[in-house]
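Q: My questions will all concern the structure given below.
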Amino acid sequence: SFGPAQRRKLTTRIPVPLVALTMVLLPVLFVDLWQLLIIPGTLVGHMSLLGLILALCKPVEIKILEATGLGVYRVLLYFLLFPLKLWLWIIATMFMVVVMKRLLFPCGMKAAGVHNDGEGRWEYPINSVGYLRWWTADHVFRCTKPLVYSAILRRSRLCVIWYWALGMNVQVGQTLISTDIDDVGEWDFWTITGRGTVFTMRNYGFDFDDDGRRILYIKERREVRNDVDSEVLSIIPIALSWIGFVPSTLSLGSVQYIMWEMIDQKGEEFHDFGSYFLMLVMFTVLVLVYTCILKQLIEVTIGCCEFGNLLVECIDIIPGCFAFSIANTVWLRTIGVGVRTNNVLSGAPTPRNASLVTICDNVFLSNASITGPATIGDDCMAGLKARIRPFGYLKQGAVVAAHTILQRNNTLDQGSVLVRRWPGPISEDGQASGTLVRANQFDEMEEAKIEALPVGFAGTSRQRASAVVTGDVTERDMRLVGTSGGKRSSVEKRMFETAGSHLPYLMPRVLQFAILLAAMALNMDFWHELCGTTFFTFEVGTRHPGLGVIGFFLTFMLLWMPLLMIVTKWAVIGRWQKTNPSEYFPVDSWTCRRYFAFMAAPIWYSVRTMWQPRFYGTRMQNLWYRALGATIGKGVLIFSNGVEDYDGLIIENQVAFCHGTFALGHLYEGKGLSFGTVTMGQGSTVLADRQLWPGAEIAPGCQVYGAGAPIRGRYAGERAKPKPKPKPRSASSQGVSDDDQHQPGGGLNGSVPVSSAGGDVQLGQMRLGQSFTDIEEGRGVVPAAQQQQNNDPLPVQVGRT
């Protein structure tokens, strides 16, 4: 029996502070433990399902082998059977994600939260059961997508069926959602109609409630979107979407045949480090070759279509590892892009309808989307998240600024700059709102000539805001800035004067890619020795990959990749000291070459693409950021791999970054590469799809809304704390309250930081030599006298490298 005496004795032996400490740490430790189990568990479940499908299909393969013979069987296996098995694997994983989501939210996501009538949103306290269920569903959804083959879902209606099964109110047969899978979520809160979209579909954020507790909130959205027609030619039939796997499976079959028949390397010699490394190299080369061949065959027989785009997007991670080097330029030319010279510096994904795109001389492309037919002239630039749509023509020196869209059938004249018309408090009639340009941005330009396309955008403040947040962004939401003489180009000098000047950008990428393949080969050899797992063998009669494949992905993707990133960063650039945004380093400078040897190189690119999304919103990711040199406070939540330039990050306690945000400590401009520090005050939040550029300083407790110009300067915005008692107000269908849309210092209209001693208002990436302090009336902006002193006229800032 356990009587009173025993209870008193037990109480005296356990210190009261220890009990209190345990009660405090238990919820935190439970959250970390839960996330630490879900991350590898999702990957194990993903690969185990593939093994189950391979085992179930084995009897059918044996019958096909007996009926056709070995030669025909091998052709059928790598042309048809293996792609179909991978396609069935995708269908099965989609079904398992739906089952998991239904188990986590049996009554729906709304029932798991508390509705705040005053704010018009559902709230989930951080680290509560409701928040963990949301994080788990979001993680399993993102990390169960088919690795690099997500285009198979986005280019067909498979993704729309998936979203509908997860709870989204969408018409499967009428609306196509071709948005990146990572940028879609909160399905129960979405009602979307129209022909479809390619834009972000996230509607969550972080805030504090009236009691000071940190919360996740989600707002309901009902939107009509019709922008998909501008970037998607047609929809691939679901039954044919498996074609995207064919180049990869053919490469696997070719690698095995070459090693077995031509090199005569069988048995244990087939499964050692040297053989695995050689096979990985051959696979990398062959998958690019087969993609080009199959794409050309399709275009020659039936013309340019979405099948070609599907094939390219399924393997685009390989040329993406060689971004900002001549290797990427050669790939663009090989896939059909009309690249006139090698004097191109591009970090953009492969253009859609590549055979209909022309890129001329001395062109810089950031992470921009290009859809052919399109022509980019000499000395042109396209910024971060810029979009160039079909029949767009950039004449010499033209610029499509960051987060700006060049719509169909438009031409930018020589030296012109197209910038986004962000809703702002400059004018209530909508005629003068927009992003402006400093008059002396070009040396030979005496004054800026500003035109609207078309003139003005009549409507209320709410209508102007909805034009940015929902649906497509049309010409009337843009502003064209033309030069008076049109003689000055956006790029000041030739980026690569000689053929040898490409080597400092090419060689670090070749070396790092070889290191990646060597690390993969080491892991394969280790798991073969440990449990006898065979790799690169998928035929009947050979031992299929089993436990070792799961172990390989766990060790390489979850352990080796982050460690490689840390070692590479400190070995290549060390502690980065460049923090003056007015100092520029051209492409041929040692500083620029050294920085590009790490940023956008294979290890950096692959880790941010395949490892980091698995650790969004976890303490493990914060530790990784600290190991890379960033200053990270407590309780920081990062749900974006665009938070980069680690030595230039100062993130205080309780800060949150939502999906699609960018916090950049570097920027490529006409004069070259510049650097700066990004500072996030305590309790601040950056919502989806907003950009912070070098020199950005977000005030404590600030809510930075997603629809707005990039920020480069101090931003006060709307303070999240202290908050008054919420007043009843209607919830906006765009996820932004009425007060937010009309208040100059916050919400969609609060994106006007002041910069420089002269009172220049900096609206994101462009500035005008004019003061709007009297218009702002001191709300939401810091007086110009308190800003960083910087009189150097900045050229057009078009986005990150």
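Q: Given axes a ≥ b ≥ c from the Cα gyration tensor, I'd like to know whether the range 130-280 is rounded (a/c under 1.5), prolate (a/b larger than b/c) or oblate.
A: Details: a/c = 3.86, a/b = 1.78, b/c = 2.17.
Since a/c reaches 1.5 but b/c is at least a/b, the shape of the range 130-280 is classed as oblate.
Q: Quick one: which of K219/K634; K219/K385; K385/K578; K295/K493; K101/K385 span more than 29 angstrom between C-alpha atoms?
A: K295/K493; K101/K385
Q: Roughly how many nanometres apart are two label points built 7 Å out from the Cα toward the Cβ at R213 and M96?
A: Output for this residue pair reads 3.4 nm.
Q: So for the range 168-262, taking the charge dipole from beta-carbon charges (+1 Lys/Arg, -1 Asp/Glu), which of G205, L252, Y217 sits furthest toward the positive end?
A: Checking the options against the dipole of the range 168-262, the answer is L252.
Q: In nm, what is the difference between 0.36 nm times the number of residues separating L530 and K634 and their Cα-Cα distance?
A: The L530-K634 span can extend by a further 33.5 nm.
Q: Please give the contour-minus-distance gain from S48 to L103: 0.36 nm per residue of separation, less the Cα-Cα distance, rounded to one decimal in nm.
A: Working: separation 55, 0.36 × 55 = 19.80 nm, distance 2.01 nm.
That pair, S48 and L103, stretches by 17.8 nm at full extension.
Q: Then there's this: Please calculate the 1.4 Å probe accessible area of L286, with all protein chains present, and give it to the nearest 10 Å².
A: Near enough 40 Å² of accessible area.
Q: Next question. If you roll a 1.4 angstrom probe over the protein chains with everything in place, what fraction of the accessible area of the range 38-137 belongs to carbon and sulfur, to the nearest %?
A: Roughly 75 percent of what the probe reaches on the range 38-137 is carbon or sulfur.
Q: Among A597, V587, A571, whose Cα sits farthest toward the positive end of the charge dipole of the range 566-647 (+1 at Cβ of Lys/Arg, -1 at Cβ of Asp/Glu, about the Cα centre)?
A: The residue sitting most towards the positive pole is A571.
Q: Multiplying the sequence separation of A239 and S582 by 0.36 nm and subtracting their Cα-Cα distance, what value in nm do you get?
A: Value of the extension gain: 118.1 nm.
Q: Taking a spot 7 Å from the Cα of I650 along the direction of its beta carbon, which residues of the range 669-690 have an amide N less than 11 Å from it?
A: Once the point is set 7 Å along Cα→Cβ of I650, 677-681 turn out to lie under 11 Å by backbone N, inside the range 669-690.
Q: Using a Förster distance of 22 angstrom, determine the FRET efficiency expected from the C-beta separation of Y257 and L76, and round it to 0.05.
A: Details: r = 14 Å, r/R0 = 0.65.
Once the sixth-power term is evaluated, E becomes 0.95.
Q: Using mean Cβ contacts within 10 Å as the protection proxy, how do 585-596, 339-350, 371-382 order, highest first?
A: With the highest mean Cβ count within 10 Å placed first, the list reads 371-382, 339-350, 585-596.
The values are calculated or read from the model by the stated rules, or taken from the named source; none is laboratory data. Predicted model only: the values in this text are computed from it and were never measured. With ideal geometry, Cβ positions are generated from the backbone for all residues, glycine too; neighbour counts draw on all protein chains shown. Protein only, heavy atoms only, side chains kept; ligands, DNA and RNA dropped before computing areas. Shrake-Rupley method; radii C 1.70, N 1.55, O 1.52, S 1.80 Å.
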